[in-house]
Amino acid sequence: MSRHQNCRPNVTKGGELVTKPHIDIVVARAKNGVIGHANDIPWKVEGEQRLFKEITQGGTVIMGRKTHESIGRPLPGRLNIVITRQDLTFDGCSVCASLDEAIAIAVDEGRPIYVIGGGAIYEHALPLADGVYISTLDVDIDGDVFFPTFPDESFELQSERYVESNINYTHQYFVRKTGHGSSG
């Protein structure tokens, strides 16, 4: 069993005991925390998108409407779930109104779960996340969407590597510390 399929008990509505899936966040941010500008990613970093694909391939990617629109298409080789409160449909994607609903769909599919943005979705997902893949660019960039303050005392660094590219970056994987449960 891979760590992505690892489930553990979690108490939910009505005190009913259910299993909670392993949820990872995947994000690239500038040194100043920027993740977006004008509904787009304000950089192109050679190799970083390939890394994103390697991490998420075969899994379920959960994203907000604006993130989906900035990508412009479903990501191939993954179940795409778009969260929006609007009555919309997107070809090749499941659509739902909340993060909880998106997670329920992902659990039914039995694939690894990756939350890929944007800002509001990350804000809601961070307390539920078991792991965070984060690429931090070695530059400050102007933007209007930011990743929440991270890391915090709930997470510990598991791996780190520095990558030289057209914009150098540090890629890290953080895991939630034992005793800092992601009960949401």
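Quick look at the numbers
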read-out: Odd one out for ALA97 among (1) at pLDDT 95 or above; (2) closer than 21 Å to ILE134 by Cα; (3) among the small types (Gly, Ala, Ser); value: (2)
read-out: Of residues in segment 64-80 being of a type in the set (Gly, Ala, Ser) and either assigned to a loop (DSSP other than H, G, I, E, B) or touching a Pro at 6+ places or on another chain (Cβ under 6 Å) (or both), the one modelled with the lowest pLDDT; value: GLY72
read-out: Yes/no for VAL95 being closer than 21 Å to ALA28 by Cβ and among the aliphatic types (A, V, I, L, M); value: no
read-out: Whichever residue in segment 84-110 is of a type in the set (Asp, Glu) and assigned to a loop (DSSP other than H, G, I, E, B) and, among such residues, is nearest to GLY59 (Cα to Cα); value: ASP91
read-out: Per-region count, segment 53-69, residues free of Cβ contacts under 8 Å to residues at least 40 places away in the same chain and within 17 Å of SER135 (Cβ to Cβ); value: 3
read-out: Matching residues in segment 127-166 - criterion: being surrounded by 11 or more Cβ atoms within 10 Å (Cβ to Cβ), touching a strand residue (DSSP E or B) at 6+ places or on another chain (Cβ under 7 Å) and under 21 Å from SER70 (Cα atoms); value: TYR133, ILE134, SER135, THR136, LEU137, ILE141, GLY143, ASP144, VAL145, PHE146, PHE147
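The values are calculated or read from the model by the stated rules, or taken from the named source; none is laboratory data. Nothing here was measured: the structure is a model prediction, and the numbers come from that model. Because the Cβ atoms are built from the backbone with ideal geometry, glycine has one as well, and the counts that use them run over all protein chains shown.
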